[in-house]
Amino acid sequence: MAGARMTTAALSDRQRSWLRRAGPLLLVVVLVVVPLVFPESVNETIARIGVFAVAVLGLNVVMGYAGQVSLGQIFFLGLGAYVTAYGVSNDWNIVVVFVLACLIPAFVGLLVALAAARLGGLAIAMVTVALPIVGVPLAKRLSEFTGGSQGLSARFGDAPEWSGLYDDQWRLYLVLAIGGAVFLLTRNLVRGKYGRVLGIVKKNENVASSVGISPYRYKVLAFTLASLIGGVSGFLYMLVIQYTSPETMSFGHSIQLLAAMVIGGAASIVGSVLGGAYYVLVPQLTNLVDPSLTALLQGAVLLVVLFVLPGGLASLARPLGRGRRSRARHDPAPLITPSATTKSGSAADTPETERQGHP
Amino acid sequence: MSRHFRSRKALVIAVASTLALTFAGCSREGGGDGATGAAASPGITDTTVRLGISTPLSGSTAGPGTCTVAGVKAYFGAKNAAGGVAFGDGKTRTVEIEALDDGYDPQRAKANYDSLKDDVFAMTAGLGTPTNRAWREAAIADEVPQVLVMTGDPLFSDTQESPWQLGFVPIYQNEGEAFGKLLVASGAPHKVAILSQNDDYGAGYVEGFKSAVEGAANIEIVDELTYEATDTSVDAQITQLSASGADVIFNAMSLVPLVVSALQKAQQLNWLPSWFLPSNTSSPGAVVEPGGGAAFPGIYSVSFAKAPASPAFAGDEDVQTYLAALKEHGDYPDAPAFPHCQWSWMVGATLEQAFTTMTEPTRDDFMRALRSIENFEAPLMLPGTAVTTTESGQPAVPTVVVQKYNGKGYDTVESLG
Amino acid sequence: MAAELAVQDVSLRFGGIEVLQEVSFTVEPGQIFGLVGPNGAGKTSLFNCISGHYRPTAGTVRIDGTPVQGARPATLARHGLARTFQHPALQLQETVLENVLLGAHTQLPGGPLAWSVRTRRTRRAEERFRGEALALLERNGLAWAAHLPADELSHGLHKGVELCRALLMKPRLLLLDEPAAGLPHTEVENLIATVRRLRAEDDITVVIVEHHMGLIAALTDRVVVLDHGRKLMEGTAAQAQSDPRVIEAYIGKDAADDVA
Amino acid sequence: MATFIQLIVDGLSTGSVYAAIALALVLVHQATGLINFAQGGMAVLAAYSAWWLLSRGVPLVLAISASVLLSFAFGAVVERWLMRRFERGDPDTAVVVTIGLLTLITGVCGWLFTYNNQQFPSLFSLDAVTFLGVSVSQRSIGTTVVIVVVMLLLQALFAGTKLGLALRAVAINPQSAAFSGLPVERLLMVGWGLAAALGAIAGALVAPQLTLTPGMLDNALVYALAAVILGGLSSPIGVVVAAWMIGVLENLAAVYVPLIGYDLKVAVPFILIFVVLVVRPQGLFGRKTVVRV
């Protein structure tokens, strides 16, 4: 058993050393070349994928990695978009706008998390559902800042003269640069110290606390980071779509983001990109097939993909597809099931979400 | 662990190159250049012209959204079957419609626009304020016509702000104003309760209404409430308004089930005011009849289109042609449940009117032709209304007439009562 | 620097059930201390009271003289308390090494920002603890498994991994909850050697809950026997094994769970 | 004062609509430990099948009964051929599968029956009953009575029958239920079937008011979810009471709390949830449970 394992490990060691050198370089080259070779509509599509990949990444931080069900991610995208639109239309410095589009959603996320992270699993879900649901009428009421239901338009990020690029190429570069930076930073974060913490908070809060981790603190951290990343995706949304309205953050879109995250692959960096691609491409695909059957086709695609790949598209990338399957084998109890607390579980097999800390 | 993510990175590259292959067939053109000189714009050849529509075909606004496509498809389907449309440049072209679903999501509407703009000559007929606003600026930058769209947002009819846009349906303010004028003209004292949708639609209606009744001594607004498009019930609002003692309710609602239940609720409370219903939720068959409208002293609505279900138009030639074409060419076998079907039929007629005066196959010339229509009586239009596109700040249909429910359909009225 | 643990009159009640009743004992610094008793005696509950996962209904728990009852487990962990669980909870899809490294959490410097930009300080710290974790695995005969995903190891080996995780915390007080349960005989020998080495090389106080009397006899300086939430007796393992009350508690009431 | 009481009565009848869906959610959660986002969609499909039968001349009561039976079968089929693959896996995935199912069902309804609003006749008359200055339609009374009856039946099912206990045992721990000889797979199918049948009743009750469209219950679903959490996932009585509370309090807040108003009244159930859960994490009527470490 162990011996067989070693061989595969040794084999992939060789691949690894090759990929370690060539992989990142190749990726950078591809990302630099992509905007130059494609027609405008493709560039726009890739940029949109970038926007939603970042949004899904944020959702992944709080839900995929830290295991806290969040149905409110779209609210932070909307908030980031509104902050950006407001700043741009008031001619603020774009760097200031960007920083605010990150910090304001992060701050709101922090406030929400301070309250919500005290509650159990499904209760967090309900508090987060409230964000888009209350957010839409709230955006209408604050029409002084949000433009009410007519929304805000803001066009920025046109290509500067010196670059010699088309606008769409310039914007795609911005999306790739900002989105790429967010992905890189998040990837670094979810490996090493913080990755281990989020993982154990998701898996078992009692074990987490026994090694000196306050689950509450890290749930708040994960939620805040997710909100911050949501804010970045809102900034990118304004850059690419150039318009936001209360419709942007409707509850339905939040559900679709969740579906995109699971389809892409929970707790996976590549899965976030795939989730963003799913979010953007599937509606375009169904439009190609038959625009009047969008819902039917989308539902069918979602079910077929999950039926074939319950671990999401990213599981294709995992050798032997082992990660998710083994998790499934060992975590029998569903996440959304507070009533399961009646089970006389031990620390190891009681699902994390049900523990309310001190008895 | 690290082994996994290396191969994931490889996957990113694979995905990127797959994307590259998928789209490799396309080539870069357009991209903000727009049309120059008399060279034909995209989407038009000597034999065909292609129109794009982005509209909700799924989700909660799919009902009216489907209609916005069906009418225009039916109109040009019938024209194509008869040989095509004779353009002002002497050529006869068939009209192709490319309709995409945006699910009332602004982001998807923009995506639809991006994918259509190089293929189609003009974008038209799409329903929704946020979904049309989402790509308005891009359409201006790309110089792509976004015309005869189904939103009462005045922005689309402002020639200065929106050079490549034109709204079709009356701006919400106009519809509200028509009610207000009728009420003021009645001379009798009236107490008015207002219930409006909490968005630009409801607000526009109320704004128009208030501007018309402002300063009129006989009109008093006694209570004013809103509701959300996502609400499942307006019972509480009707209960609260019924206590206001109003004898008229100005009801700017765009959702059929809520209008029906509002009518029913008022009857249960034995509150029987005169109702003012907007043009898109006053269908006799879908709204007033199930709501028991006959119980009220009067149900008024504004309109510019003949209602096919109304007995008054049962024998109308326009209506007959329209219903037949809708079935045959519009993929719409049922009786139209939303007025948007009729409206988009008129959009087809208005587009044809512009086509016949175009002298060059360019988007520029199309906009010029479209903006020079005066008093065109499109089929299905009610007497007293017409398409006029020369007036800045006004949509293609600037006027409406007020009508009263007669138990089966609507009759145009000059005064209350 | 081994810690002193003093449990005084600790009681614990869930609803109407008395889980622990006025249990008292003291563990001297550097001792290996056994907690024995039949199933349901309240051993693990007592552990949970010490580690902060439960708050005792009454009584005090002192570590080095400081009362800690009611303190959060994370706080106690930061002050030198480490524990293992009856059923080890590992990140099954992660490698054994990553699982052990979790124990280094409180000692790794830097906040989220530092870790996402991978400052040199965080990289160095990670490297250092990676070395320490590998050394610990080596010491426990698990070096070969370091890069395997945890779910490829048997349940028994998970206990070893969990012990390494706890040791990486560099505790002054270590609570082991049934470390030998489910281990084959040879592994138990290894475990005994490991814990002995702990005392010899690290300055650490160890409290063990265990059914395996051979292990208790071989390792502990003193034991407390619990039965039905009450302290039955305190003394050496040999005294406990010959104490008639203890034999009655085991044989008379819970024959199925006999001394191994 | 009359307005005040009328608002309460209105709130109760709106709350009954939420309660109808909430009961089905509770049933499926009790049987499988899942929140089924497709519950509303399945109810809509049932209502459409009844509507289709009606249009073929089948009498109303018969059409609804047939749709209830069909729904039971449909629910069981969905469990057997779709959900089973996900029941032991990652619960997030299972929830997303129900979202996919909702989308698919909505799409199928839109495709077969168009997105137009269809009138659905009510079992009860729309005539109002006036009592002490408060008027309420017979339809609302009828809906509420049916929901209370269903609620009591469910409560009895869970508390007092072998089937109910077996369902709960399966949801709480499928493995040990299987060890103790329960036919887990069949029980799961029955649980889904019962929930779908209950959803069919709910659909037939609310369709006359909301008019039949593929997305008829989308907005109500959020409220139903709120009621489920607020009432405590394990208690049918709890969720019905919570649904009524939500209906009543949001009306009162909209009218009497100017800061909230009709636009932000949707925040009321969530504020309520937050306050209640801080005090009672298990919900208003949920069972308190000991957490073991």
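When each of D:Thr103, D:Thr93 is tested for being at pLDDT below 90 and within 13 Å of chain A (Cβ to nearest Cβ), the lone residue that passes is D:Thr93. Here D:Leu233 meets the list (1) assigned to a helix (DSSP H, G or I); (2) farther than 23 Å from D:Leu123 by Cβ; (3) within 14 Å of chain A (Cβ to nearest Cβ) almost entirely, failing just condition (1).
Look at A:Gly180 and say whether it is crowded, with 24+ Cβ neighbours inside 10 Å and either in a helix (DSSP H, G or I) or under 16 Å from the mean Cα position of the chain (by Cα) (or both). Steps first, answer last, please.
Values: crowded, with 24+ Cβ neighbours inside 10 Å: no; either in a helix (DSSP H, G or I) or under 16 Å from the mean Cα position of the chain (by Cα) (or both): yes.
Spelling it out, it is not the case that A:Gly180 is crowded, with 24+ Cβ neighbours inside 10 Å and either in a helix (DSSP H, G or I) or under 16 Å from the mean Cα position of the chain (by Cα) (or both).
Is one or more of the residues making up the range C:244-255 of a type in the set (Lys, Arg), open to solvent by 20 Å² or more (accessible area, probe 1.4 Å) and under 21 Å from the mean Cα position of the chain (by Cα)? Full working, then the answer.
In the first step, residues of the range C:244-255 are kept if they are of a type in the set (Lys, Arg); the result is C:245, C:253.
Add one more test, that the residue is open to solvent by 20 Å² or more (accessible area, probe 1.4 Å), and what stays is C:245, C:253.
Pick out the ones that are also under 21 Å from the mean Cα position of the chain (by Cα) and you get none.
Looking for residues that are of a type in the set (Lys, Arg), open to solvent by 20 Å² or more (accessible area, probe 1.4 Å) and under 21 Å from the mean Cα position of the chain (by Cα), one finds none in the range C:244-255, hence no.
When the helices (runs of 4 or more DSSP H) confined to the range D:1-93 are screened for residues that are touching a residue at least 40 places away in the same chain (Cβ under 8 Å) and touching a Pro at 6+ places or on another chain (Cβ under 8 Å), those reaching at least 2 such residues are found at D:2-32, D:39-55.
I'm trying to understand the selection: among the residues of the range D:79-91, which are open to solvent by 10 Å² or more (accessible area, probe 1.4 Å) and not basic (Lys, Arg)? Talk me through it step by step, then tell me what you get.
Taking the range D:79-91 and keeping what is open to solvent by 10 Å² or more (accessible area, probe 1.4 Å), we get D:80-82, D:84-85, D:87-91.
Matches in the range D:79-91: D:Trp81, D:Leu82, D:Glu87, D:Gly89, D:Asp90, D:Pro91.
Being within 11 Å of chain B (Cβ to nearest Cβ) and part of a helix (DSSP H, G or I) is the filter here, so list the residues in the range A:239-263 that pass it.
Within the range A:239-263, the subset within 11 Å of chain B (Cβ to nearest Cβ) is A:240-253, A:256.
Selection gives A:Val240, A:Ile241, A:Pro246, A:Glu247, A:Thr248, A:Met249, A:Phe251, A:Gly252, A:His253, A:Gln256.
Here C:Asn99 does not qualify as more than 23 Å from C:Leu46 (Cα to Cα) and either in the same structural domain as C:Ala217 (by TED's automatic domain parsing) or in a loop (DSSP other than H, G, I, E, B) (or both). For the range C:70-96, give me each residue that is within 25 Å of C:Val7 (Cα to Cα), open to solvent by 40 Å² or more (accessible area, probe 1.4 Å) and part of a loop (DSSP other than H, G, I, E, B). Answer for the range C:70-96, where residues must be within 25 Å of C:Val7 (Cα to Cα), open to solvent by 40 Å² or more (accessible area, probe 1.4 Å) and part of a loop (DSSP other than H, G, I, E, B): C:Arg72, C:His79, C:Gln86, C:His87.
Checking B:Ala252, B:Ala246, B:Ala216, B:Ala229 one by one, the residue that is touching a Gly at 6+ places or on another chain (Cβ under 6 Å) and of a type in the set (A, V, I, L, M) is B:Ala252 and no other. Scanning the range C:128-154 for residues that are within 20 Å of A:Gly199 (Cα to Cα), part of a helix (DSSP H, G or I) and open to solvent by 10 Å² or more (accessible area, probe 1.4 Å), we see that the one that is farthest from the other protein chains (Cβ to nearest Cβ) is C:Arg130.
Report yes if some residue within the range C:8-19 is under 29 Å from C:Ala200 (Cβ atoms) and open to solvent by less than 10 Å² (accessible area, probe 1.4 Å); otherwise report no.
So in the range C:8-19, the residues under 29 Å from C:Ala200 (Cβ atoms) come out as none.
Scanning the range C:8-19, I find no residue that is under 29 Å from C:Ala200 (Cβ atoms) and open to solvent by less than 10 Å² (accessible area, probe 1.4 Å), so the answer is no.
Scanning the range A:199-236 for residues that are assigned to a helix (DSSP H, G or I), farther than 18 Å from A:Val112 by Cβ and at pLDDT below 95 yields A:Gly199, A:Ile200, A:Lys202, A:Lys203, A:Glu205, A:Asn206, A:Val207, A:Ala208, A:Ser209, A:Ser210. Within the range D:46-78, being open to solvent by 70 Å² or more (accessible area, probe 1.4 Å), over 21 Å from D:Val190 (Cβ atoms) and either at pLDDT 95 or above or touching a helix residue (DSSP H, G or I) at 6+ places or on another chain (Cβ under 8 Å) (or both) holds for D:Trp52, D:Leu62. In the range C:155-179, the residue that is least open to solvent (accessible area, probe 1.4 Å) out of those that are assigned to a helix (DSSP H, G or I) and more than 17 Å from C:Leu97 (Cβ to Cβ) is C:Gly156. Of everything listed in (1) in the same structural domain as B:Ile373 (by TED's automatic domain parsing); (2) open to solvent by 10 Å² or more (accessible area, probe 1.4 Å); (3) within 30 Å of B:Ser274 (Cβ to Cβ); (4) out of contact with any Ser or Thr (no Cβ under 6 Å at 6 or more places or on another chain), the single unmet condition for B:Ala217 is (1). In the range A:92-120, which residues are open to solvent by 10 Å² or more (accessible area, probe 1.4 Å), farther than 25 Å from A:Leu174 by Cβ and assigned to a helix (DSSP H, G or I)? If the condition is that a residue be open to solvent by 10 Å² or more (accessible area, probe 1.4 Å), farther than 25 Å from A:Leu174 by Cβ and assigned to a helix (DSSP H, G or I), then A:Leu110, A:Leu111, A:Val112, A:Leu114, A:Ala115 are the ones that fit.
Taking the range D:53-84 as the range and being within 14 Å of another protein chain (Cβ to nearest Cβ) and over 25 Å from D:Val95 (Cα atoms) as the test, only D:Ser55 passes. With A:Leu302, A:Leu285 as the choices, which residue is under 21 Å from A:Thr45 (Cβ atoms), assigned to a helix (DSSP H, G or I) and away from chain D (no Cβ under 13 Å)? Unique residue meeting the criteria: A:Leu285. The single condition among (1) without any contact (Cβ under 8 Å) to a residue 40 or more places away in the chain; (2) open to solvent by less than 30 Å² (accessible area, probe 1.4 Å); (3) within 18 Å of B:Val401 (Cα to Cα) that B:Ser211 does not meet is (2). The set of residues in the range B:59-68 that are over 11 Å from the mean Cα position of the chain (by Cα) and open to solvent by 10 Å² or more (accessible area, probe 1.4 Å) comprises B:Gly59, B:Ser60, B:Thr61, B:Thr66. Give the range D:252-272 a look and list any residue that's in contact (Cβ under 8 Å) with a residue 60 or more places away in the chain and among the β-branched types (Val, Ile, Thr), or say none. Correct list: D:Val255 only. Of these, D:Leu194, D:Leu182, which one is modelled with pLDDT under 85 and open to solvent by less than 60 Å² (accessible area, probe 1.4 Å)? Answer to the selection: D:Leu182. Apart from one condition, D:Phe131 fits all of (1) under 21 Å from the mean Cα position of the chain (by Cα); (2) over 20 Å from D:Leu194 (Cα atoms); (3) free of Cβ contacts under 8 Å to residues at least 40 places away in the same chain; the exception is (1).
Here the helices (runs of 4 or more DSSP H) wholly within the range B:115-190 that include at least 2 residues being surrounded by fewer than 24 Cβ atoms within 10 Å (Cβ to Cβ) are B:136-142, B:172-185. Within the span defined as the range D:222-241, every residue fails to be open to solvent by less than 20 Å² (accessible area, probe 1.4 Å), in contact with a strand residue (DSSP E or B) (Cβ under 8 Å, 6 or more places away or on another chain) and modelled with pLDDT under 90. So for the range A:202-215 (the condition being touching a Lys or Arg at 6+ places or on another chain (Cβ under 6 Å) and of a type in the set (Gly, Ala, Ser)), does at least one residue qualify? Checked against the condition, which is being touching a Lys or Arg at 6+ places or on another chain (Cβ under 6 Å) and of a type in the set (Gly, Ala, Ser), the range A:202-215 yields at least one hit.
The values are calculated or read from the model by the stated rules, or taken from the named source; none is laboratory data. Quick caveat: nothing in here was measured; it's all calculated off a predicted structure. Ideal geometry is used to build each Cβ from the backbone, glycine not excepted, and the neighbour counts take in all protein chains shown. Heavy atoms of the whole protein, side chains included, go into the accessibility calculation; ligands, DNA and RNA do not. Shrake-Rupley method; radii C 1.70, N 1.55, O 1.52, S 1.80 Å.
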